[in-house]
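Data block below; observations after.
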Amino acid sequence: MEDAATAEISRSQVWQWIHHGVSLAEGPRVTAELVRDIEREEMEKIKSAVGADSFAKGRYDDAREIFDGVALRDDFQEFLTIPAYDKID
């Protein structure tokens, strides 16, 4: 449950930053495009850390899709876990 709470806080913060036009201390404005760029960078770091085989067997893309679906949408999704349930096999 603790991990779900952390994910809720994080994606809520990203959604708010995007919708309120927040800029990072380094200067760039937080946009969906910036978030996707950072996602790509972080996914490559994860793939490098766990190895290509483990990455391919994992559900990292599912996690990214769920995050995008709640953090980058126009309206605020009430809970991250609701769309996540659709991905549970």
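In the range 61-75, which residues are open to solvent by 50 Å² or more (accessible area, probe 1.4 Å) and farther than 10 Å from ARG11 by Cα?
Looking only at the range 61-75, we keep the residues that are open to solvent by 50 Å² or more (accessible area, probe 1.4 Å), and these are 61, 63-65, 67, 73-75.
Once the filter is applied, which keeps residues that are open to solvent by 50 Å² or more (accessible area, probe 1.4 Å) and farther than 10 Å from ARG11 by Cα, the range 61-75 yields ASP61, ALA63, ARG64, GLU65, ARG73, ASP74, ASP75.
Any idea which residue in the range 10-43 is modelled with the lowest pLDDT, counting only those that are basic (Lys, Arg) and touching a helix residue (DSSP H, G or I) at 6+ places or on another chain (Cβ under 8 Å)? Steps first, answer last, please.
The first filter runs over the range 10-43 and keeps only residues basic (Lys, Arg), leaving 11, 29, 36, 40.
Now restrict to residues that are touching a helix residue (DSSP H, G or I) at 6+ places or on another chain (Cβ under 8 Å): 11, 36.
Values: ARG11: 92, ARG36: 97.
Checking each candidate, the answer is ARG11.
Cβ-Cβ distance below 6 Å, separation of 6 or more or different chains: which pairs start in the range 64-89 with a residue that is at negative phi and end on one that is assigned to a loop (DSSP other than H, G, I, E, B) and not aromatic (Phe, Trp, Tyr)?
Listed pairs, sorted by first residue: VAL70/GLN77; VAL70/LEU80.
Would you call ILE88 open to solvent by 100 Å² or more (accessible area, probe 1.4 Å) and over 14 Å from the mean Cα position of the chain (by Cα)? Steps first, please.
Numbers: open to solvent by 100 Å² or more (accessible area, probe 1.4 Å): yes; over 14 Å from the mean Cα position of the chain (by Cα): yes.
Taking the combined requirement at face value, the residue satisfies it.
Could you please tell me which pairs satisfy a Cβ distance under 6 Å, a separation of 6+ or placement on different chains, a first residue in the range 23-43 that is in a helix (DSSP H, G or I), and a second residue that is among the charged types (D, E, K, R) and open to solvent by 50 Å² or more (accessible area, probe 1.4 Å)?
GLU39/ARG64
Residues of the range 4-57 being open to solvent by 80 Å² or more (accessible area, probe 1.4 Å), of a type in the set (A, V, I, L, M, F, W, C) and under 17 Å from ASP74 (Cα atoms), which ones?
Selection gives TRP17 alone.
The values are calculated or read from the model by the stated rules, or taken from the named source; none is laboratory data. Note that the coordinates shown come from a computational prediction; the quantities given were computed from them, not determined experimentally. Cβ atoms come from the backbone with ideal geometry, glycine included; neighbour counts cover every protein chain shown. In case anyone asks, the SASA skips ligands and DNA or RNA and just uses the protein heavy atoms, side chains included. Shrake-Rupley method; radii C 1.70, N 1.55, O 1.52, S 1.80 Å.
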